[in-house]
1. Pick from L64, L60, L103: which is over 14 Å from the mean Cα position of the chain (by Cα), exposed (fewer than 15 other Cβ atoms within 10 Å of the Cβ), hydrophobic (A, V, I, L, M, F, W, C) and part of a helix (DSSP H, G or I)?
2. Could you count how many residues in region 41-95 are modelled with pLDDT of 85 or more and of a type in the set (G, A, S)?
3. State the number of residues belonging to region 106-119 that are in contact (Cβ under 8 Å) with a residue 12 or more places away in the chain and either over 22 Å from the mean Cα position of the chain (by Cα) or not in a helix (DSSP H, G or I) (or both).
4. Name the residue that is nearest to G49 (Cα to Cα), counting only residues in region 68-95 that are touching a residue at least 24 places away in the same chain (Cβ under 8 Å), in a helix (DSSP H, G or I) and out of contact with any Lys or Arg (no Cβ under 9 Å at 6 or more places or on another chain).
Amino acid sequence: MTMLKHDAASVRRTRGAHRLGGDGQPVGALSRLYEPEASARCRQDSKVGLAADFFYNVVLATLLFCELPQEWLFTGRLQRYLRDPNAGQAWWMYSRKTVARWLCDNLLDPFDPSGNHCG
């Protein structure tokens, strides 16, 4: 096992990595990592994620919960089911609240940095 040793010069170099220069560009260690195209890719990924969330809410969740959506996104639908004590039945076996809790706990919360996606 190798141990990483940091000398004083490398610590000084990385300490200023979060600073921005006069032109708004990162200065220091992050300057070599900054890519203007990265923010465009992030916006594109966000659009794809929102489209997938909308599609899942309108098509798949409608079939799963046997109810037309009242919200634009799937998370809003799950939050409504979790708040409503009389959420009704999904198909004939499970309540919508039970299905929403399972989806939040097993599919959404593990990927949320806070660990609590559905609230």
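The values are calculated or read from the model by the stated rules, or taken from the named source; none is laboratory data. The model shown is predicted, which means the values in this text are computed figures rather than measured ones. Cβ atoms come from the backbone with ideal geometry, glycine included; neighbour counts cover every protein chain shown.
1. Selected residue: L60, the only one of L64, L60, L103 that is over 14 Å from the mean Cα position of the chain (by Cα), exposed (fewer than 15 other Cβ atoms within 10 Å of the Cβ), hydrophobic (A, V, I, L, M, F, W, C) and part of a helix (DSSP H, G or I).
2. So the count comes out to 5.
3. The number of residues fulfilling the criteria is 3.
4. So, considering only residues that are touching a residue at least 24 places away in the same chain (Cβ under 8 Å), in a helix (DSSP H, G or I) and out of contact with any Lys or Arg (no Cβ under 9 Å at 6 or more places or on another chain), the one nearest to G49 (Cα to Cα) is T75.
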